[in-house]
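To start, the structure under review is shown below, and the notes come after it.
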Amino acid sequence: MPLYLLFAFGPPVIGILLGVLWWFLRTRRDGALSPGIRALSIIAVGVGFAVLLVPHVDAALWLWGAPAELTMRLLDLRYTLPLIVGIPVVAVLAIPGRTRRLPGVAQVARRTLLSFLPIGWVIAVAVIVLFILALTLSAGFASVPDDFGDHRMFEIEIGSLMTAGTEIYGWYYSVVPLALIGVLLIVAAFAIGLIARPPLSFDPDEDARVRRVRSTNVARVTAGALMLHCAAVLSSLSGTAALYGTTTAAGSAGAISVGTSFAALEGALRVSGQVAVAAGLFLWIVALMVSLAKPRSATSKATP
């Protein structure tokens with residue numbers, strides 16, 4: 001039981017602790033959000049983060065009598081929940097705040113999606129999406145239909161007359177998440193564009209810092225949701241890789257075990273899934289901690 005609890009709680013705890021550590025080491029240099037935007041960000045990211053923790057808590061609490069129905073429903077949502085949560089949170093983060101402009105000043109500089117978002121975030125999100133697509137295509141082509149015609153099974157041959165099978169992240173499970181990933185990316189791009197679009201305020205340096213914080217928070221939430229979805233896929237594939245069957249061949253003195261062609265990757269897939277959980281929750285807790293930062297006072301602004 002303690003080992004199971006370590007696997008269940010270890011990655012979330014590590015992600016949260018690293019996020020808090022990052023907050024104390026880094027975010028004091030970031031700009032703070034205005035009160036209204038700050039409140040919306042705290043509520044949206046905080047509620048989303050709490051919802052994303054539920055599957056990891058439930059995975060361990062069933063040992064103390066958690067309802068089996070709840071566990072099964074969460075299991076059904078393991079691929080889509082991070083994306084379903086991420087989309088509305090990103091939309092809330094895009095809600096514009098008030099911008100005070102200097103009277104009679106025209107701003108003609110064109111602002112794009114990258115005006116306040118470091119290119120590294122775009123590259124990171126693109127790499128995660130490409131990795132998810134690679135996993136999805138590999139698992140999809142390896143899947144076979146079940147008795148109802150749904151491509152969600154993986155089978156291996158045991159001898160000439162027997163097969164063994166288990167579930168895999170096949171086409172049946174991947175179609176909806178792929179659509180949700182597309183929606184998430186569109187909403188994130190729209191959110192970053194909406195943050196960048198309004199004219200800068202009478203304090204352009206401070207306004208630019210705040211917009212960088214808001215744009216980066218959108219990227220954190222987006223990347224975190226993708227990482228948590230990726231974690232669910234990797235965890236599923238690690239379970240598929242563990243499939244094996246035994247048979248007794250003619251003339252053999254004992255049983256022969258047959259496993260999957262990627263059985264050697266079981267440990268790597270499992271650990272990668274746990275790392276992805278920690279990374280995803282790390283990004284969300286950092287977004288929450290950044291949102292909690294209070295605006296600097298006038299005195300602190302004047303201090304070099």
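The values are calculated or read from the model by the stated rules, or taken from the named source; none is laboratory data. Just so it is clear, the structure is predicted and the values come from calculations on it, not from any experiment. Keep in mind that these areas ignore ligands, DNA and RNA; they rest on the heavy atoms of the full protein, side chains included. Shrake-Rupley method; radii C 1.70, N 1.55, O 1.52, S 1.80 Å.
So what does GLU155 come to for accessible area, using a 1.4 Å probe and Å² rounded to 10?
Surface open to solvent at GLU155 totals about 100 Å².
Report, by chain and number, residues whose modeled amide H sits under 5 Å from the one on THR163, excluding near sequence neighbours (fewer than 5 apart, same chain).
Sorted by chain and number, the residues that satisfy this are ILE158.
For SER291, SER261, write out the residues from largest to smallest accessible area, computed with a 1.4 angstrom probe and no ligands counted.
Per-residue accessible area, sorted high to low, gives SER261, SER291.
Read phi for every residue in segment 76-90 and hand back ³J(HN,Hα) as whole Hz from Karplus 6.51 cos²θ - 1.76 cosθ + 1.60, θ = phi - 60°, with x for Gly and Pro.
Result, ordered by residue: 5, 9, 4, 7, 9, 4, x, 6, 4, 6, x, 4, x, 5, 4 Hz.
Can you compute 3J(HN,Hα) from phi for each residue in segment 260-270, using the Karplus curve 6.51 cos²θ - 1.76 cosθ + 1.60 with θ = phi - 60°, rounded to whole Hz and x for Gly and Pro?
Once rounded to whole Hz, the list reads 6, 5, 10, 4, 5, 8, 4, x, 5, 5, 5.
With every protein chain kept in the model, how would you rank LEU25, LEU18, LEU228 by accessible area, 1.4 Å probe, largest at the top?
Most to least solvent-accessible, the answer reads LEU25, LEU18, LEU228.
Quick one: order HIS56, HIS151, HIS229 from most to least accessible surface, probe 1.4 Å.
Ranked from most to least accessible, the order is HIS151, HIS56, HIS229.
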